[in-house]
Amino acid sequence: MRILIAGAGGFVGAALIKKLSGHSLILPSRDPEKFRRAGVQGEFPPFSEDLEKLAAGSGAEIIINLLGIIRETPGSSFSLVHETYTRRLLAGARAAGAKKFIQMSALGAASDAASEYHRTKFAGETAVRESGLPYVIFRPSFIDGPGQHLRKELAALARFLPVFAAPGDAVAAPIEVETVAACFAKAAEDDSLKNEIFELAGGRVVNFRQLFSESLAAAGLRRPVIGLPRKLFFPLLPLFALFPEPPLTREQYLMLAAPNVPSGRFRGAEDLLGKGKL
């Protein structure tokens with residue numbers, strides 16, 4: 001099959017490319033040499049914000065949207081990346097005659113969520129559901145594994161900080177990146193999977209003190225991590241905002257307001273991959 005993956009250069013994309021290597025991959029990129037150096041086989045059209053034109057001319061049978069940001073920048077807002085880009089890809093998918101659209105969303109996506117991140121993720125979902133195309137939407141919890149951005153951030157901060165603090169009352173159900181990639185690949189290859197939302201989570205729930213400790217250990221670092229109530233971090237947000245890469249943004253603070261765990265209203269990774277695959 002011809003499969004277009006928007007956002008293939010990211011954390012999940014790198015794992016997904018390996019799972020789908022037997023197909024004809026179309027991987028839009030601002031740095032195609034990155035894929036070539038890694039030995040990736042496929043087509044590498046220049047990434048363009050005219051995603052409708054890009055998708056329409058791709059001849060793709062499956063379009064996978066992994067585009068997403070965790071922090072806004074002057075050129076990339078949550079609304080632009082999560083909703084507008086999704087609508088452009090959907091228009092291109094319809095023009096290309098694609099038979100399925102697969103969307104990366106997030107646990108906590110809702111129209112009335114506290115954070116703009118989750119509200120725009122839900123807006124992207126709504127565009128997919130109303131597109132008229134067969135679709136699969138994935139809502140993962142915290143995605144873990146080698147190359148995870150949190151590990152890199154904590155490793156950088158560990159050069160200056162002898163001790164860390166984390167919201168001990170915020171929780172997630174981490175899922176491995178390889179498992180998430182396997183779910184996306186299954187959705188792409190199985191024609192019977194369509195018009196469904198899946199909540200992807202691991203088999204255990206941890207608080208963010210544990211998550212920080214485990215991420216530091218995975219990076220080969222030993223630092224004590226103190227668990228504090230989430231609300232104590234709110235007064236520090238203006239200070240954090242002065243950092244080139246803030247350790248916690250206002251949006252991330254709001255995202256932590258609700259447990260990052262499945263609601264139980266949708267099927268999950270084990271339903272797709274089988275028991276014992278998490």
So the check is Cβ under 8 Å with 6+ separation or different chains; which pairs have a first residue in the range 206-229 that's closer than 15 Å to His149 by Cβ and a second one that's of a type in the set (Phe, Trp, Tyr) and buried (at least 17 other Cβ atoms within 10 Å of the Cβ)? Leu211/Phe142; Phe212/Phe164; Leu216/Phe164
Flag for Ser29 being in contact with a helix residue (DSSP H, G or I) (Cβ under 8 Å, 6 or more places away or on another chain), among the hydroxyl-bearing types (Ser, Thr, Tyr) and under 24 Å from Val180 (Cα atoms): yes
Residues of the range 105-125 being touching a residue at least 24 places away in the same chain (Cβ under 8 Å) and either closer than 15 Å to Ser141 by Cα or in contact with a Gly (Cβ under 7 Å, 6 or more places away or on another chain) (or both), which ones? Ser105, Ala106, Leu107, Gly108, Ala109, Tyr117, His118, Lys121
Can we say Gly124 is farther than 24 Å from Lys18 by Cβ, surrounded by fewer than 19 Cβ atoms within 10 Å (Cβ to Cβ), small (Gly, Ala, Ser) and modelled with pLDDT of 95 or more? no
Here are the criteria: (1) touching a Lys or Arg at 6+ places or on another chain (Cβ under 9 Å); (2) free of Cβ contacts under 8 Å to residues at least 12 places away in the same chain. Tell me which single one Ala257 does not satisfy. (2)
Matching residues in the range 264-276 - criterion: being loosely packed, with under 13 Cβ neighbours inside 10 Å and either among the hydrophobic types (A, V, I, L, M, F, W, C) or within 18 Å of the chain's Cα centre (by Cα) (or both): none
Being surrounded by 20 or more Cβ atoms within 10 Å (Cβ to Cβ), more than 13 Å from the chain's Cα centre (by Cα) and closer than 22 Å to Ala257 by Cβ narrows it down to one residue among Pro174, Pro167, Pro140; which is it? Pro167
Considering only the range 22-42, how many residues are within 17 Å of Asn65 (Cα to Cα) and surrounded by fewer than 15 Cβ atoms within 10 Å (Cβ to Cβ)? 1
On the given criteria, is Ala60 closer than 19 Å to Cys183 by Cβ and outside any helix (DSSP H, G or I)? no
Which ones in the range 72-93 are of a type in the set (D, E, K, R) and assigned to a helix (DSSP H, G or I)? Glu83, Arg87, Arg88
Of the residues in the range 237-253, those that are of a type in the set (A, V, I, L, M, F, W, C), buried (at least 16 other Cβ atoms within 10 Å of the Cβ) and out of contact with any Leu (no Cβ under 8 Å at 6 or more places or on another chain) number 0
Go through Gly203, Gly220 for me and flag whichever is under 19 Å from the mean Cα position of the chain (by Cα) and surrounded by fewer than 16 Cβ atoms within 10 Å (Cβ to Cβ). Gly203
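The values are calculated or read from the model by the stated rules, or taken from the named source; none is laboratory data. Worth saying up front: this structure is predicted, and the values here are computed from it rather than measured. So basically every Cβ, Gly included, is an ideal-geometry build from the backbone, and we count neighbours across all protein chains shown.
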